[in-house]
Amino acid sequence: MRARMLWGATLLSLSLLLGASIASPWWHVQQMRQAAQARDAAALSEYVDWEQLRANLKFGVQHRLAHQSVNARGEPTKAASLGAAVAAALLGPLVDQLITPQSLARILQGQPPETAVIPALELGKPSQAAGQPNISMAYAGLNRFVCSIQSAGHGEEPIHLVLHRQGLLSWRLAELSLPG
C-alpha cells in the first residue's frame, strides 16, 4: 500500500512538472506583456536575451538585404552583396540603439515596428497603438516558442517574437522577426 501511494505521489509530481513545463512560455509572454504595460524596463529585461536578440535581428536584416536582388540562378547579385556589406556596417550600431526595452514594450503593446522603435513623443504624434493587438502563440519545437503580434486595425503582417528555452521552466526572448 505504501509503495502504491509513493508511486501515485511520484506520478502526480511528474504530471505537475510536465504541465508547468508546457505552460511556462505562455506565462513568460504574459509576464513580458505586463512589464511592458507597466513600463518596467528592468522587469521586461529579465525575459530578454538582449545580445542574442540583437545579433539575430542584425543577421535577419542582412540576409534579407543580401537576397533582395538575385540573378537567374537564385544567387545574390554582386550589387546586393555589396549593399548588404555596407548595410552591415551601419546596421550594428543602429539596431543596438533602436532595440531597447522601451521599443520592445511598444511592440508588445501592439505598435507597428516603424513607430515602436522611435518614441511617439519624438515624432510629435500620439501613440499609434489603437486597440488590443492580435496575439497568437504556439510551440515551434521543443525549445522554441513563437508569439506573433499583429497590430490591431493596421492590416500588417505580424511580428514574431521567438523565445528559447533556458532550462526546464524558463524562457527568454532571443529572436525578433519583423514583417516584410
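Each value in this text was obtained by applying a stated rule to the coordinates, not by laboratory testing. Note that this is a predicted model, so its numbers are computed, not measured. For neighbour counting, all protein chains shown are included, and Cβ atoms are generated from backbone atoms with ideal geometry for every residue, glycine included.
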Around I149, under 13 Å between beta carbons, what's the net of Lys plus Arg minus Asp minus Glu among the other residues?
0
So for S13, S151, S45, fewest C-beta neighbours within 10 Å to most, what's the order?
S13, S45, S151
Tell me the label-point distance for the pair A43, L11, using the 7 Å Cα-to-Cβ offset, in nm and rounded to one decimal.
4.0
Here the alpha-carbon Rg of the stretch 133-178 over 2.2 N^0.38 Å rounds to 1.23
